[in-house]
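Quick notes on the structure that follows.
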Amino acid sequence: MSSSLILPYFRWAFIVTLGGLCLGAAVGWIYEDSLSGLARALFICAVLAVLEISLSFDNAIVNANKLKGMTPAWQKRFLTWGIVIAVFGMRILFPLLIIVAAAHVGPWAALKMAATDPHAYAEVLHRAHLPIAAFGGTFLMMVALNYFCDTDKRDHWLCWLESRLSAAAAARGIEIVLVLALALAASRLLGPEEGPRFFRAAIWGLLTYLLVNGGSAFLDARLGEGTAGNVTGAVARGGLGAFLYLEMLDASFSFDGVIGAFALSHNIFIIAIGLGIGAMYVRSLTIMLVEREVLSEYRYLEHGAFYAILVLSLIMYAQVFVEVPEVITGCIGAGLIGLSFRASLRDRARAG
């Protein structure tokens, strides 16, 4: 695919990058009142943007796969309002809500803490990392296993593994059993103090996935029934339910990036700017994947994305025991997608 076909999709991402870096430089100057502070803020914004892109590349592929089945109206809503929710809701509001819950303070006090005492803010957020990792890891693990544990799945990339997972799906709810067993094992390893806290958060992550997944199917089915008598009835599935599912999925992906960003900066505004820039590239990539029908052209790309999601969920579990740098997480995800892309190219060459 030539650069002349790709670049137009990233026009808005480039504009947001320019505006975001200018805003980041202003924040650096305001907080540190020096050119070195300005330069440091610019560098951190750029690194966070790259980190967000690397961690969310698989998210873009999954989004594109889901968007294919949505109506044009809901596609547009997700790519406009959805990105607003992703940037402002998950990159700004979500960390503040964690502070409200963990420190038992009001929203205004949480915002004031973030603006005036970023070290204390980061410390409270760090203490909340265990339940966040359990909740987000469980949700993402269910997303990945639900894709592989499917008796109707016939297209396999790593056949020796995927064929077994597909066959295992004959046992109804096998993915739930696997996730609960892993969550229970992790909670036992954490001991009597942290273990129950981890397991409760994991249960909430599992229940949230089941509610969101089941609720989205129910809403879309009702949409389809309500419009079955007209032209839009054939494409009514994939409306509000799919929108809510994608927003929840984006939230789960954001857990790891938002928490990990505090390793680079304690300033919530710098973090929001850097991750927001990265989110715009993920949006542009999603649009390109849908409009250019890249997923149908490269048959194993979707497999690589779900493997990356599965690995990310396992890393989120592992992070409650050992520190795993986000750079490693991003490289593993990008590597898996790169390998699946290479396998897709080889498959195309054999078919051609």
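Some notes on this structure:
- Largest to smallest principal axis extent of the C-alpha atoms in region 10-351, angstrom: 59, 52, 45
- If the segment from R292 to D150 were pulled out straight at 0.36 nm per residue, it would be longer than the present Cα-Cα gap by 48.4 nm.
- Placing +1 on each Lys and Arg Cβ and -1 on each Asp and Glu Cβ, with no other charges, gives region 10-351 a dipole about its Cα centre of roughly 640 debye.
- Extension gain, R77 back to W160 (0.36 nm per residue minus Cα-Cα distance, nm): 25.9 nm
- When only Cα pairs below 8 angstrom with a gap of at least 6 residues are kept, region 10-351 shows a relative contact order of 34 percent.
Every number in this text was worked out from the coordinates using simple rules, so none of it is lab data. A quick note: this is a predicted structure, and the numbers were derived from the prediction, not measured. In this analysis, Cβ positions are derived from the backbone assuming ideal geometry, glycine residues included, and neighbour counts consider all displayed protein chains.
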